[in-house]
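The values are calculated or read from the model by the stated rules, or taken from the named source; none is laboratory data. What you see is a predicted model, and the numbers here were worked out from it, not measured in a lab. Note: accessible area is taken over every heavy atom of the protein model, side chains too, but ligands, DNA and RNA are not part of it. Shrake-Rupley method; radii C 1.70, N 1.55, O 1.52, S 1.80 Å.
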Amino acid sequence: MKKFLLISILFLTLAGAADSGYLLVQTVSGKAVICPNVPVGRFNLNQCNIVLATPYAKFLGFPIALYGLGAYLVFVILVLYELAGKSTIIILTTLSSLGLFISAYFVYLQFFVIEALCFYCLVSASLMTLIFAASVVYNLKYSAPVIS
């Protein structure tokens, strides 16, 4: 079960990297992002290009997707180290908690400020939530207690 949980986290991090990578490539190349046409209340999940055209889609002049891709790739490395017997899960949990708060902020912006939803952004937020939750479960079940 221990290895299955780590492999699941690895799969989630790779999915997040693919999601962020797609957004980054489309954003940098200036191409439109293709999103599914799914109504969600008064919103629709096909509003990715609206979201990505706002000032909130960049931080310090770089697309948010770049930071997301970087975070997911760091997570991949941390999970691979954990699979190799190195104790990195606490770092993963800490960083993914930061990612969870940042994702929650961007979801808030989509619903209440921009008033448009990006399918890929919501997928990323969901993946970050699952990575955080799975790393917490792993920590609680398999990490050795810290003795001070």
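Listing for the model above:
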| quantity | calculated |
| --- | --- |
| Under 27 Å from LYS3, Cα to Cα: lysines that are on another chain or at least 8 residues apart | LYS86, LYS141 |
| Whole-Hz ³J(HN,Hα) from phi, Karplus 6.51 cos²θ - 1.76 cosθ + 1.60, for the range 127-134, glycine and proline x | 5, 4, 4, 5, 4, 4, 4, 5 |
| The range 1-84: proportion of alpha-carbon pairs further apart than 17 angstrom, % | 57 percent |
| Solvent accessible area, Å² - MET128, 1.4 Å probe, full protein context | 10 Å² |
| Surface share of carbon and sulfur [accessible, 1.4 angstrom probe, percent] for the range 1-131 | 73 percent |
| Per residue value of the accessible surface for the chain (all protein chains in place, 1.4 Å probe), Å² | 57 Å² |
| Estimated vicinal HN-Hα couplings, Hz - the range 112-121 in sequence order (Karplus 6.51, -1.76, 1.60; Gly, Pro = x) | 10, 10, 6, 6, 8, 10, 10, 3, 5, 5 |
| PHE62 accessible area, assembled protein chains, probe 1.4 Å, Å² | 110 Å² |
| Built amide H within the under 5 Å cut-off of LYS58, gap 5+ | ILE64 |
| √(5λ) per eigenvalue of the Cα gyration tensor, the chain, largest first, Å | 31, 15, 14 |
